[in-house]
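What follows is calculated from the coordinates using simple rules that are stated; it is not laboratory data. From a predicted model like this one, the values you see are computed outputs, not experimental measurements. No Cβ is skipped: glycine too gets one built from the backbone with ideal geometry, and neighbour counts run over all protein chains shown.
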Amino acid sequence: MSPRLLPAVVLAVPGVGLGAAGLFHPHRLLPANADQWYVVHLGGLVLFPLVGVALALLVRGRVDPLAWLVRVGAFGWAVFYTSLDVVYGVVAGRVTAQMEDGYQRSADFTLMLRTAEDLGRVGSWSLIATAVVLVVDTTLRRGPAVAALALPMVLGGYLVHADHIFSPQGALGAALVGLSTGALAWNLPETRWRENATSGSLTAS
């Protein structure tokens, strides 16, 4: 098996998984669908930060400025977009499930949701910025042909920014981020993964 295949698949899974979860994401939070909303965002609680981990792993072992920009952007996505997921997804879903049909949200509850949306925007802009940095970085290191594999991540990041992971646009956007991450991992030099695997073996021995 190629040493590039497993990392490529593993790094693609979080984004593709979010895209799949988006197919079951209700478009509006109501008492009738609040339980489903809650469960979808419990999955997001795991997958959203793992997208950031996958992006950071694309520059594993590097200490140059562009690599650090990727790490900072991935961290911003993981922290701030997961905050949106926790508040507007997990917490709001749980609370709304206890409300009756015909409910009216309180001003405090609405303010909480708006705060979550503000945090999410920081996260989604971080994702877009990370994707742009990866396009530049890959162009400089591997050439335009390989850099083209990062372009779907820019589009995917924008779709998530515009439409969360709602189907179809947001779900497609999350899947594009995952597929683009996997494609970039596949096109990293094989020595990168061999060196990492060898280092791990030496550390364990």
*Can you tell me how much longer the chain between Q98 and R121 gets when fully stretched, taken as 0.36 nm per residue apart minus their C-alpha distance, in nm with one decimal?*
5.5 nm
*Once fully extended, how much extra length lies between L45 and V91, figured as 0.36 nm per residue of separation less the alpha-carbon to alpha-carbon distance?*
15.4 nm
*Quick one: angle between helix 5-22 and the longest Cα principal axis of the chain, in degrees between 0 and 90, rounded to 10, please.*
20
*Work out, step by step, the length gained on full extension between T139 and R60: first 0.36 nm times the residue separation, then minus their alpha carbon distance; give nm to one decimal.*
26.7 nm
_Calculated [θ] (222 nm, deg cm²/dmol) that DSSP helices of n ≥ 4 give over the chain, each run adding -39,500 (n - 2.57)_ = -25000 deg cm²/dmol
*Given the peptides 143-153, 162-172, arrange them by the average over their residues of other C-beta atoms within 10 Å, most packed first.*
162-172, 143-153
*FRET E, pair L155, L111, Förster distance 41 Å, beta-carbon r, rounded to 0.05*: 0.80
*What's the angle, to the nearest 10 degrees (0 to 90), between helix 190-204's Cα axis and the longest principal axis of the chain?*
80
*For helix 169-186, report the angle its Cα long axis makes with the longest principal axis of the Cα atoms of the chain; keep it between 0 and 90° and round to the nearest 10°.*
20
